[in-house]
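Chemist: Provided herewith is a single structure, encoded as structure tokens, for subsequent inquiry.
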Amino acid sequence: MENILVVENLSHIYSAGTPFEKKAVDGVSLSVRRGEIAALIGHTGSGKSTLIQHFNGLLRPSEGRVLINGEDIFESKDTVRAARFAVGLVFQYPEYQLFEETVYKDIAFGPGNMGLDSAEIDRRVRESAQIAGIAEDVLEKSPFELSGGQKRRVALAGIFAMEPEVLVLDEPMAGLDPAGREDVFRFIKEYKERHGTTVIFVTHSMEDAARMAERLIVMRGGSVMLDGTPAEVFAHAEELIASGLDVPQVTRVFMRLRELGAPVDTAVYTVPQAAELLLRLKGVR
Ligand SMILES: Nc1ncnc2c1ncn2[C@@H]1O[C@H](COP(=O)(O)OP(=O)(O)OP(=O)(O)O)[C@@H](O)[C@H]1O
Ligand SMILES: [Mg+2]
């Protein structure tokens, strides 16, 4: 199956039929291919978190449906259960959800619920801890003794250990310092490379989206405003800026160069690309 996740005309209304009614997601359709890495971007309140909570059946669509491996999540109790295991959802600040006595038990919690035997659980805990950069001796510590960055790693390892087919992360790098952001970025990549996992992550950072993802899905007011490769999306740089969204710094530099009359386009979003184009412009290449 090419598309592991298909969203069909999905809408979500909170508190329907009350004075607080709010349409948070409005007619979203998208298909995500197996093994793809996509970033979901948009203003605060644009519906990103609401949308992704439909991907593992945590929220039920008000309209439309979500298919995992071609199967409607809400088809039956079994499909809901299958979706919970196929799609691993990591909330924002997942470290607040650690609760076990030891790091080991926390990482083992998800796979434990899947009915795996203890040897398989042990294998998964150790492999996930290793990918998330958690040393052996940390496994027997209490999660509450750890630093914020370490706790984030434990929370990630706990999801890795479930070996989901789709990994969905809500702002996985929020609140971390640059080194911590880089680490999380690396762990996700490493996990993805080992398991061929599909990854969808929410971010507020266009820079992170541009360098991590091969596809950007931009949301505005509950709908998808742009969806494509970074080059396709940043070709709409003016539109993004007009709606108050950011673009990578190098893209801004190229927009300015074009204003000044240089024959460049704005579908530039990484520093190496920019260097290559500038050299070509100068006739060096
Ligand atoms: N449980 C809820 N009940 C009612 N309204 C909600 C609820 N959760 C979110 N909303 C509203 O739905 C809209 C979309 O919220 P959502 O959290 O999905 O946006 P977001 O893009 O994730 O924002 P952020 O970038 O701030 O995390 C917002 O207007 C929000 O206030
Ligand atoms: Mg959110």
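No lab work stands behind these numbers, since they all come straight from the coordinates. The structure presented is a predicted model; accordingly, all values stated were derived computationally and were not measured. Cβ atoms come from the backbone with ideal geometry, glycine included; neighbour counts cover every protein chain shown.
Chemist: For a protection proxy built on the mean count of beta-carbon atoms within 10 angstrom, sort 189-195, 243-249, 85-91 highest first, please. Display every interim value, and only then the final one.
Modeler: Values: 189-195: 15.0, 243-249: 17.1, 85-91: 21.7.
Highest mean packing first, the order is 85-91, 243-249, 189-195.
Chemist: Now a separate question. Which whole-number percent is the relative contact order of the chain (Cα, under 8 Å, 6+ apart)? Don't skip to the end; give the middle numbers.
Modeler: Details: 519 pairs, mean separation 59.7, N = 285.
Contact order relative to length: 21 percent.
Chemist: Still on this structure: Given H placed 1.01 Å from N in the peptide plane, which residues other than close sequence neighbours of V202 have an amide H under 5 Å from its amide H?
Modeler: The list, which skips near neighbours in sequence, is L40, L169, D170, E171.
Chemist: Quick one: helix 178-195 against the long Cα principal axis of the chain, what's the angle to the nearest 10°, folded into 0 to 90?
Modeler: Helix 178-195 and the main axis of the chain meet at about 70 degrees.
Chemist: Determine the principal axes of the Cα atoms in the chain, then give the extent along each, sorted from largest to smallest and rounded to whole angstroms.
Modeler: Result for the chain: principal-axis Cα extents of 65, 50, 38 Å.
Chemist: With runs of 4+ DSSP H residues as the only contributors, calculate the mean residue ellipticity of the chain at 222 nm using -39,500 (n - 2.57) per run, divided by the residue total and rounded to the nearest 500. Show your work: numbers first, answer last.
Modeler: Numbers: 11 runs with 111 residues, N = 285.
For the chain, the value works out to -11500 deg cm²/dmol.
Chemist: Please list 3J(HN,Hα) in residue order for the stretch 57-74, calculated via the Karplus relation 6.51 cos²θ - 1.76 cosθ + 1.60 where θ = phi - 60°; whole Hz, with x for glycine and proline.
Modeler: After applying 6.51 cos²θ - 1.76 cosθ + 1.60, I find x, 5, 10, 9, x, 6, 9, x, 8, 10, 10, 10, 6, x, 10, 4, 3, 8 Hz.
Chemist: Right, next: Find out how many positive minus negative residues lie around H43, taking Lys and Arg as positive, Asp and Glu as negative, among other residues whose Cβ is under 13 Å from that of H43. Could the numbers behind the result be given before it?
Modeler: Values: positive: K48, R220; negative: D246.
Cβ neighbours under 13 Å give a net charge of +1.
Chemist: Now for a different question. Quick check: the distance between the Cα centres of the stretch 161-230 and the stretch 1-27, to the nearest angstrom?
Modeler: Their Cα centres are 21 Å away from one another.
Chemist: Going highest first, how would you order 223-236, 149-162 by mean Cβ packing within 10 Å? Mind showing how you got there, number by number?
Modeler: Working: 223-236: 18.9, 149-162: 24.7.
Result, highest mean first: 149-162, 223-236.
Chemist: Here is a further query. Estimate the FRET efficiency between T102 and A275 by the formula 1/(1 + (r/R0)^6), using the beta-carbon distance for r and 35 Å for R0, to the nearest 0.05.
Modeler: Details: r = 48 Å, r/R0 = 1.37.
Efficiency, rounded to the nearest 0.05: 0.15.
Chemist: Between 0 and 90 degrees, rounded to the nearest ten: what's the tilt of helix 249-259 against the longest Cα principal axis of the chain?
Modeler: 20
Chemist: Next question. Per-residue counts of other Cβ atoms within 10 Å, averaged by peptide: what ranking do you get for 258-265, 36-43, highest first?
Modeler: On the way: 258-265: 11.0, 36-43: 22.0.
Highest-to-lowest ranking by the protection proxy: 36-43, 258-265.
Chemist: Something else now. Mean projection of the alpha-carbon convex hull of the stretch 195-285 over all orientations, in nm²?
Modeler: Numbers: hull surface 28.2 nm².
Over all viewing directions, the stretch 195-285 projects a mean Cα-hull area of 7.1 nm².
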